1. Taking the DSSP beta bridges in the range A:1-77 as the whole, what percent of them are antiparallel, to the nearest 5?
2. Could you tell me the relative contact order of chain A? Use alpha-carbon pairs under 8 Å, at least six residues apart, and round to a whole percent.
3. Considering only lysines 8 or more places apart in sequence, or on different chains, count the pairs in the range A:121-263 whose C-alpha atoms sit under 17 Å apart.
4. Enumerate the aspartates and glutamates that residue A:50 could reach by cross-link, defined here as Cα to Cα under 16 Å, with residues fewer than 8 away along the same chain left out.
5. So, by mean Cβ neighbours within 10 angstrom, what's the order for A:69-77, A:11-19 with the highest one leading?
6. Which Cys in chain A stand alone, with every other cysteine's Cβ at 4.7 Å or more from theirs?
7. Return the percentage of antiparallel bridges among DSSP beta bridges fully within chain A, rounded to the nearest 5 %.
8. Sorted by mean Cβ packing within 10 Å, highest first, what order do the peptides A:2-8, A:31-37, A:126-132, A:46-52 take?
Amino acid sequence: MRIATWNINSVRLRIGLIERFIDSHNPDVLCLQETKTINDTFPVKALDAKGFKHQHILGMKGYNGVAILSRQPLTNKGSRNWQERADCRHVFADLPNGIEIHCCYVPAGGDIPDPVANDKFAHKLGFMDEKATWWSNQKHNKKPKILVGDLNVAPLEHDVWSHKQMMDVVSHTPIEIEKFMAWQKAHQWTDAVRHFIPYEQKQYSWWSYRAQDWKTSNRGRRLDHIWVTPSLVSSLQGTETLQEARDWGPKPSDHVPVMIDIA
DNA sequence: ATGGTAGCGTAGCTA
C-alpha cells in the first residue's frame with residue numbers, strides 16, 4: 001500500500017497536478033493539506049474519476065483545509081479541533097486493513113520566533129503541546145496508526161539547508177523542535193522517512209516561492225512528515241519524496257509529495 | 001538587514 005501526503009496549496013487550482021501525480025505514482029491513499037476551499041467546491045468528481053471514491057474532506061473558506069482520499073473505503077471518519085479553533089487542520093479515518101490514518105496541518109507560526117511578540121508562534125507551540133498531551137492519552141488505543149501531514153517543523157540538522165542559520169527561523173527553532181519531539185515520543189511515533197534516509201543526508205519537502213531559483217539555491221526544509229506506530233515499522237518497504245514536482249506546471253505547489261510503501 | 005512570491009478573493013491575511 002502506498003500512502004502519500006502533499007500540501008497542495010489550493011486543491012482547486014492544482015487538481016491537474018494531483019491527477020498527474022496519481023497517474024505517475026499510483027497512491028492508494030492521498031492526504032492533502034491547504035486545500036483552501038469549503039467542501040461544496042472541493043473537486044470531488046475529478047478525484048472520484050481517478051479512482052478515489054472514498055473521500056474525507058474538511059475545508060473552510062480561503063485557508064487551511066485537509067482531506068484523506070482513498071481507493072478503498074474509509075470508516076470511523078472524524079476530525080478534531082485544536083487550541084479551540086475550528087480551522088480544519090486534522091481529519092482521521094480507518095482503512096479496511098485496520099490502520100487508522102491521521103492527516104494533520106500544523107500552524108506555520110508566523111515570522112517572529114517569540115511567543116510573547118508573536119501570537120501565531122504562541123499558537124503553534126500550544127498546538128504541539130496539546131498534540132503531545134492528547135496522543136499521550138491515546139495509549140490505550142492499540143490500533144496500528146499512520147500520521148501524515150505538513151507539520152511545519154523541520155526537526156533534524158539535515159532537514160534544513162543550514163542548521164546554524166536556521167536556528168532562529170520559525171520551523172527549526174529549539175523550542176519548536178523540543179515540542180515536536182515530545183509529541184512524537186508521546187505515542188511512540190517513528191519517522192518513516194528517516195527510517196530509510198540516513199541522518200547525514202539532506203532531505204527536503206518544501207522550497208520557498210520567494211527564491212529566484214529554488215533548485216539552484218536549494219534552501220529547502222523537510223516540513224512534510226509520515227509517522228507510524230511501532231508495530232508497522234517492520235512492514236515499511238520504502239519512501240520517496242518527489243522533488244521534481246516542485247517544477248510541475250503551470251503553477252507548482254511549494255511543497256512536494258512525500259510517500260511511503262507499506263506491506 | 002532587507003525583500004523576495006503565492007492563493008484567496010478582491011483588502012488584507014496567511015504562508
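No lab work stands behind these numbers, since they all come straight from the coordinates. If you're wondering where the values come from, they're calculated on a predicted model, not measured in any experiment. Neighbour counts run over all protein chains shown; Cβ positions are idealised from the backbone, glycine included.
1. Working: 10 of 15 bridges.
If we restrict to bridges inside the range A:1-77, about 65 percent are antiparallel.
2. Working: 595 pairs, mean separation 48.9, N = 263.
Answer for chain A is 19 percent.
3. So the count of such lysine pairs works out to 12.
4. Cα-Cα hits under 16 Å: A:19, A:23, A:28.
5. Details: A:69-77: 16.1, A:11-19: 18.0.
The peptides rank, most packed first, as A:11-19, A:69-77.
6. Within chain A, the cysteines lacking a partner Cβ under 4.7 Å are A:88, A:104.
7. Numbers: 38 of 49 bridges.
Given both bridge residues lie in chain A, the antiparallel proportion sits at roughly 80 percent.
8. Values: A:2-8: 24.3, A:31-37: 26.0, A:126-132: 19.6, A:46-52: 16.6.
The most tightly packed comes first, giving A:31-37, A:2-8, A:126-132, A:46-52.
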